[in-house]
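Undergrad: The structure's right below; bear with me while I get my questions together.
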Amino acid sequence: MKVLITGGAGFIASHVTDLYLEQGFQVVIVDDLSTGRLSNVNPAAKLYHLDIRSPQLARVFENERPDFVNHHAAQMNVRRSVADPLFDADVNVLGSLNVIECAKQYHVKRFVYISTGGAVFGEPIYLPCDEDHPINPICQYGISKHTVEHYLYLYQANYGLPYTVLRYPNVFGPRQDPHGEAGVVAIFTAQMLTDQQVVINGDGDQLRDYVYVGDCARANLLALTAPHEGCIYNLGSQQGTSVNQIFAALKKVTGYARDPQYGPAKLGETRRIYLDARKAQLELGWEPLVSLEAGLEQCVNYSRAVELAAQTA
């Protein structure tokens, strides 16, 4: 069986690729390498260096005839979506439509779409957010990702394209980019290990739902054979962790000596969000297995062994 993974050179999707390969799937990756890293690509996977918006994507489907599609590729920076909403919609809506059209044309057995639980709900009415919580995003990224969920419903209803949606929490783990604007764990870790000043945006009491990348990869494996088609699943720990708590935990693991500095909060970012994942537990048999503390230690160990070593080489 063959899986085509968009964005497979990225942080999360590269872990999904590794797990699929371990389970005996053939994997084809489509990635333009704009944010993904070539070093993340498993050598056992076949890579097409291609933008998901490209008309050439249909030729990849024609050549490879994948049984499944796992669609991770996205413009995933909340702040960029606010600053450049046209680009955000171009990649996340039109790019996704290009992938969906190809999946329809080449009769894909299951389309797994990665949405966002952190941005799609907006400021929650209640916590933890379940899948029935009202959708009121306060950033363009949340809107563009949610829009594709509607397209998938339409394509299943009208054309018989089976799909599963996974709404991610704040995912952290090895390979997360420490130089981007997203990914507070990776950013703080890199700054602490090089004794740079850590700056927290806002007061640091913002609550997020942190789940280790390996746990999210496992959900992607389960989603290929989910018993129900056309379902949306939150992935989450069902508890909120503040940015200040993440700072304190990483400070302890790294031995960082400084206190944080505080800057202005960022426009479009949700204040408090964590997710109810009981539906995923009940129907997929999924729950997070790696504790926050163990996951943070993995991140620090990886950053020391790989990221820091590359800087000093």
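The values are calculated or read from the model by the stated rules, or taken from the named source; none is laboratory data. Remember, it's a predicted structure, so these values are computed and weren't measured experimentally. So basically every Cβ, Gly included, is an ideal-geometry build from the backbone, and we count neighbours across all protein chains shown. Quick note on the areas: whole protein, heavy atoms, side chains included, nothing else; ligands and nucleic acids left out. Shrake-Rupley method; radii C 1.70, N 1.55, O 1.52, S 1.80 Å.
Undergrad: What Rg and what Dmax come out for segment 1-143 when only alpha-carbon atoms are used, in angstroms?
TA: 15.7, 47
Undergrad: For residue 27, what residues show an amide H to amide H distance below 5 Å, using hydrogens built from the backbone and excluding near sequence neighbours?
TA: Excluding prolines and chain starts, which carry no amide H, the hits are 3, 46.
Undergrad: Roughly speaking, what is the centre-to-centre gap between segment 234-313 and segment 1-34 when only Cα atoms are used, to the nearest Å?
TA: 23 Å
Undergrad: Quick one: grab the alpha carbon gyration tensor of segment 173-233, order the square roots of its eigenvalues as a ≥ b ≥ c, and give me rounded if a/c is under 1.5, else prolate or oblate depending on whether a/b is larger than b/c.
TA: Here segment 173-233 falls in the prolate category.
Undergrad: Using the Cα atoms of segment 167-276 to build a convex hull, what is its mean projected area in square nanometres?
TA: 7.8 nm²
Undergrad: Ok, one more. From the convex hull of the Cα coordinates of segment 108-178, what is the mean projected area in square nanometres?
TA: For the Cα atoms of segment 108-178, the hull's average projected area reads 6.3 nm².
Undergrad: In whole percent, how big is the carbon plus sulfur part of the accessible area of segment 1-155, probe 1.4 Å, protein atoms only?
TA: So the carbon and sulfur contribution to the accessible surface is 54 percent.
Undergrad: So with the 1.4 Å probe, I'd like the accessible area per residue for the chain, rounded to whole Å².
TA: Here the per-residue accessible area is 44 Å².
Undergrad: Over segment 196-312, with every protein chain in place, what whole percent of the accessible area is carbon and sulfur at 1.4 Å, could you tell me?
TA: 49 percent
Undergrad: What accessible surface, in Å², does a 1.4 Å probe find on residue 72, ignoring ligands, DNA and RNA and rounding to the nearest 10?
TA: Roughly 30 Å² of residue 72 is accessible to a 1.4 Å probe.
Undergrad: Report, please, the projected area of the chain averaged over directions, based on the convex hull of its C-alpha atoms, in nm².
TA: In nm², the orientation-averaged hull projection of the chain is 15.1.
Undergrad: Restricting to DSSP loop positions (anything but H, G, I, E, B) with no more than 14 other Cβ atoms inside 10 Å of their own Cβ, which chymotrypsin sites (Phe, Trp or Tyr not before Pro) remain in segment 109-186? Provide the component values of the computation, followed by the final result.
TA: Details: sites: 111, 113, 121, 126, 141, 151, 153, 155, 159, 163, 172; in loops: 121, 126.
Here the chymotrypsin sites (Phe, Trp or Tyr not before Pro) that fit, given the DSSP loop and packing criteria, are 126.
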